[in-house]
Amino acid sequence: MAQKLLLIDGNNLGHYYNNSKPLTIGSLKVQAIYNFLKGIRQFVALFQTHKPIVIWDGASWRRMMFAEYKENRERRETKSEIRLAKLKDEYKLQVPYIKKALRMLGIAQVSALNMEADDLGAILTDRCIANGGSVVLLTGDKDWLQLVGPGVVWRDPIHDRVVTEKNFKDFTGLDTTRQFVEMKALAGDSGDNVPGVGGIGEKGAIDFLNKYGSFTNFTNGVLFEKTIDFDTLPKKFKALVEDEEKTIIFSRNIDLVDLRTPRRPIPLNLQIDHGEPDATKFQRFCEILLFNSITKNLSEWLAVFPAFRESLHAAA
């Protein structure tokens, strides 16, 4: 039987759950732990035929190519940046507890020293689809949209959005995932501190790609095939062929945003933790953190998870 995967972007969901109402045990904030466990249970129950895998970020190989990549996320200058940095610090202290709990639940976890979660998500997705399987991508990160295709669904639990091959155009304004990659390369990504080519925002990039199909089609049409009249082009589009620096930036950005770029290295120090399900240890874990709503009826709470579902069926 072909495999079905539920690939979960650990830190994307973790940061979201940490931004909820604060919960504290002693000096430790625990809202990310508590809400992560509740959230993952909800989606494991919803996708019972899928194998859940939580993917964690490592250090990004992209910083070797572009030192400024995501550098903005480390700033602590404005009040907003200081507040976000404090939340991140609080979240980082909770991550080991989340990983420990997932292990007790028998949920697989994957990470690599040089890979972000979306890189590993792309690798796992492509392998699964190549073997005839299907994938649900559980993340609010739009970068993962480029993985959508036959058998691959993007589900955003933060804003309750679902994107499939059928509604990809309606959601992104673009026909193909390759155009989505090129749009990000043209417009840049302020969240990741990746500047665009200049003069073309996201809407302009979408309009450009809907008209010309791709950056290559555009440059070929202007320079070689002469099917595009250069003199009638807007100034910002003329600059794409007149200014060599813009072509260099576009090419660099493609490697930064394309999750399937040939520049992507192999995963280093790949860690795969299949977990060791243990209801007794998990109960004690929840009791220590005062997660009473979980321990109140633990058998029922655990029953949705594959490891415990199987053991309960065996006992019956």
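Here, each number is a calculation from the coordinates, and none is a lab measurement. Just so you know, these numbers come straight off a predicted model, no measurement behind them. Neighbour counts are summed over all protein chains in view; Cβ atoms, including those assigned to glycine, are modelled from backbone coordinates with ideal geometry.
Between Ala59 and Lys21, residue separation times 0.36 nm minus the direct Cα-Cα distance comes to 10.8 nm. Axis angle, to the nearest 10 degrees, between helix 202-212 and the longest C-alpha principal axis of the chain: 60 degrees. Note on His15, His50: ascending count of other Cβ atoms within 10 Å places them as His15, His50, the fewest first. Report, in listed order, any pair from Lys51/Lys86; Lys166/Lys203; Lys29/Lys100; Lys142/Lys236; Lys29/Lys86 with a Cα-Cα distance greater than 23 Å. As for pairs spanning more than 23 Å Cα to Cα, those are Lys51/Lys86; Lys142/Lys236. Stretched out straight at 0.36 nm per residue, the stretch from Thr216 to Lys236 would grow longer than its current Cα-Cα span by 5.6 nm. By the beta-carbon count within 10 Å of each Cβ, the least crowded to most crowded order of Ile55, Ile228, Ile248, fewest first, is Ile248, Ile228, Ile55. For region 161-171, 3J(HN,Hα) computed residue by residue from phi via the Karplus equation (6.51, -1.76, 1.60; θ = phi - 60°) reads 10, 10, 10, 10, 4, 6, 10, 4, 4, 4, 7 Hz, glycine and proline entered as x. Each residue, Glu71 and Arg127, gets one label point 7 Å from its Cα in the Cβ direction; the gap between the two is 3.4 nm. When the helices of the chain are scored as -39500 (n - 2.57) per DSSP H run of n ≥ 4 and the total is divided over every residue, the value at 222 nm lands at -14500 deg cm²/dmol.
Dipole magnitude for the chain: about 960 debye, using +1 per Lys or Arg Cβ and -1 per Asp or Glu Cβ, origin at the Cα centre. For the chain, the longest principal axis of the Cα atoms and the long axis of helix 244-257 meet at an angle of about 20 degrees.
Neighbour counting of Cβ atoms within 10 Å sorts the residues Lys296, Lys79, Lys184, fewest neighbours leading, into Lys79, Lys296, Lys184.
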